[in-house]
Protein chains: 2
Amino acid sequence: MAEKLRIQPMVPEDLLFLTDDQLRKGIEAMFFAYRAFTADPDLILADMDYGRAHHRAVHFINRDPGLTVTSLLAVLGVTKQSLNRVLRTLIDDGLVESRVGRRDRRERQLYLTEKGTALERRLSEAQRARMRSAYRNAGPQAVGGFRQVLEAMMDPETRSQYQAMKDLPE
Amino acid sequence: MAEKLRIQPMVPEDLLFLTDDQLRKGIEAMFFAYRAFTADPDLILADMDYGRAHHRAVHFINRDPGLTVTSLLAVLGVTKQSLNRVLRTLIDDGLVESRVGRRDRRERQLYLTEKGTALERRLSEAQRARMRSAYRNAGPQAVGGFRQVLEAMMDPETRSQYQAMKDLPE
DNA sequence: GGTATAGGGCAGTGTTGTTGACTTTCTACG
DNA sequence: CGTAGAAAGTCAACAACACTGCCCTATACC
């Protein structure tokens, strides 16, 4: 029986955080935290005719004004049809402006109007307030770890995009 | 003017992590990481007629066998009607068993069947694999911070539930 | 001029959430 | 004992948001 060789398992202290139980707790933490994370903007959006998808579009247009529809599609990871429905209501309602691309006239470059900027600010301030409070309670070291684990969890392609975005002037 | 007292703002090094830019990066990290976090189980579920809601139900029934419908409702944070649709398909398909409550015969206690346990294992193993890899790459210290920030982000009620769950024997 | 790309649109479908209203079964309390 | 109310289940309608498949126009590039 080779079993006897495992009587003293190789489990250094440092690896105890990889037990299935620890992983399960991490999984549940993600679920509960993400629910809270989206709750505040969702409340604001519920009053208008908008949903979470509108929030995401507005967020990324604000973050990178003038980006093309294709770029936005790539960042959001949804289909053209799905984005288009959301984008059209935002344009019709005067929150987003779609200008013909300068480089390439086939492209459409997306910008927030004043009205769009105002909504973005309202939504993101609600979300930032929660994030700020969580950061403050957890402290700078914890925040570093938080970001490290989240980055490690992303798909490699997404992670590259994300890390490239980090360096934008804001 | 009391304003003059603020000419030298109190911004120690330790608070630089609370800038709006840092917060925005945290927000985007949550978005991208959560998308990756759900991607693996979603692939498995897509083949069957199930969705993410089925996964969540199966997860929490596995974590706390014999829990009542009301408890599950509270943990998931959805309406009775929404859960019921999901739960009924799981029961009809023989993944979940609903037994009359022992204490209170009005209650239904939920258990996974062997088939249900098998699916749960498949789904959670996919999710754990990603979490394990992220944990391993980030290291134990980062994991501690990750959990701290997520807990701080939850609604207080959810956090209590979550922290109580942490102590279950598993 | 022909092919490929960017964008937009239509039609249909599926999952998951919501309200609101109603029923059955059972417990608990006055 | 009788009733108020909790727990569960159900029906109907609706909305948000994702998907596939297909088609069309405008523009770019070779």
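Looking at B:L76, B:L72, which is the one that is touching a Phe, Trp or Tyr at 6+ places or on another chain (Cβ under 8 Å), within 11 Å of DNA strand D (Cβ to nearest atom) and within 14 Å of chain A (Cβ to nearest Cβ)?
B:L72
Would you mind telling me which numbered condition in (1) open to solvent by less than 30 Å² (accessible area, probe 1.4 Å); (2) away from DNA strand D (no atom under 15 Å from the Cβ); (3) of a type outside the set (A, V, I, L, M, F, W, C) A:P65 fails?
Checking A:P65 against (1) open to solvent by less than 30 Å² (accessible area, probe 1.4 Å); (2) away from DNA strand D (no atom under 15 Å from the Cβ); (3) of a type outside the set (A, V, I, L, M, F, W, C), the one that fails is (1).
Hey, does region B:42-58 have a residue that's among the charged types (D, E, K, R), touching a residue at least 12 places away in the same chain (Cβ under 8 Å) and under 30 Å from A:E125 (Cβ atoms)?
Yes: region B:42-58 contains one or more residues that are among the charged types (D, E, K, R), touching a residue at least 12 places away in the same chain (Cβ under 8 Å) and under 30 Å from A:E125 (Cβ atoms).
Which one is farthest from B:Y50 (Cα to Cα) among residues in region B:99-117 that are within 11 Å of DNA strand D (Cβ to nearest atom) and surrounded by 15 or more Cβ atoms within 10 Å (Cβ to Cβ)?
The qualifying residue farthest from B:Y50 (Cα to Cα) is B:E107.
The values are calculated or read from the model by the stated rules, or taken from the named source; none is laboratory data. Remember, it's a predicted structure, so these values are computed and weren't measured experimentally. Backbone-built Cβ (ideal geometry, glycine too); neighbour counts: all protein chains shown. Only protein heavy atoms, including side chains, enter the accessible area calculation; ligands, DNA and RNA are left aside. Shrake-Rupley method; radii C 1.70, N 1.55, O 1.52, S 1.80 Å.
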